[in-house]
1. Give all pairs with beta carbons closer than 9 Å in which a residue from the stretch 43-55 that is surrounded by 10 or more Cβ atoms within 10 Å (Cβ to Cβ) meets a residue that is not in a helix (DSSP H, G or I); count only pairs at least 6 apart in sequence or on separate chains.
2. Among the residues of the stretch 30-42, which ones are loosely packed, with under 11 Cβ neighbours inside 10 Å and not β-branched (V, I, T)?
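We did not get these values from a lab; they are worked out from the coordinates using the rules stated. Note that the coordinates shown come from a computational prediction; the quantities given were computed from them, not determined experimentally. Cβ placement follows ideal geometry from the backbone for every residue including glycine, while neighbour counts extend to all protein chains displayed.
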Amino acid sequence: MSGLDWPGLMRAGLGGLGLRPEEFWRLTPAELALMLGEAAATPPLTRARLSELAAAWPDQVKGSGDDRSGRT
C-alpha cells in the first residue's frame, strides 16, 4: 500500500478540480497537493532553517577536488 487515499484524491481531482482522468494520472502527488491548496500550509524558509541547510550542505571549495567545472 502506498499510504495515499487514492479514492479521496480521485474524487478531489476528478470531481472537485474537474480534471480529466489522463490529466489526473499525469500529476505527481506534490502537484495535486498544490492544486488542492494543501501545499500552501508549508511554512516559508526562515533564516534559521537556511543556516541549518547551509551547514548540512556546504558549498565546495574550489580546488578541493570537488569542483565539477573541470577547473582546478
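1. Short answer, once both residue conditions are applied: R49/P43; L53/L45.
2. A30, G37, A40, A41
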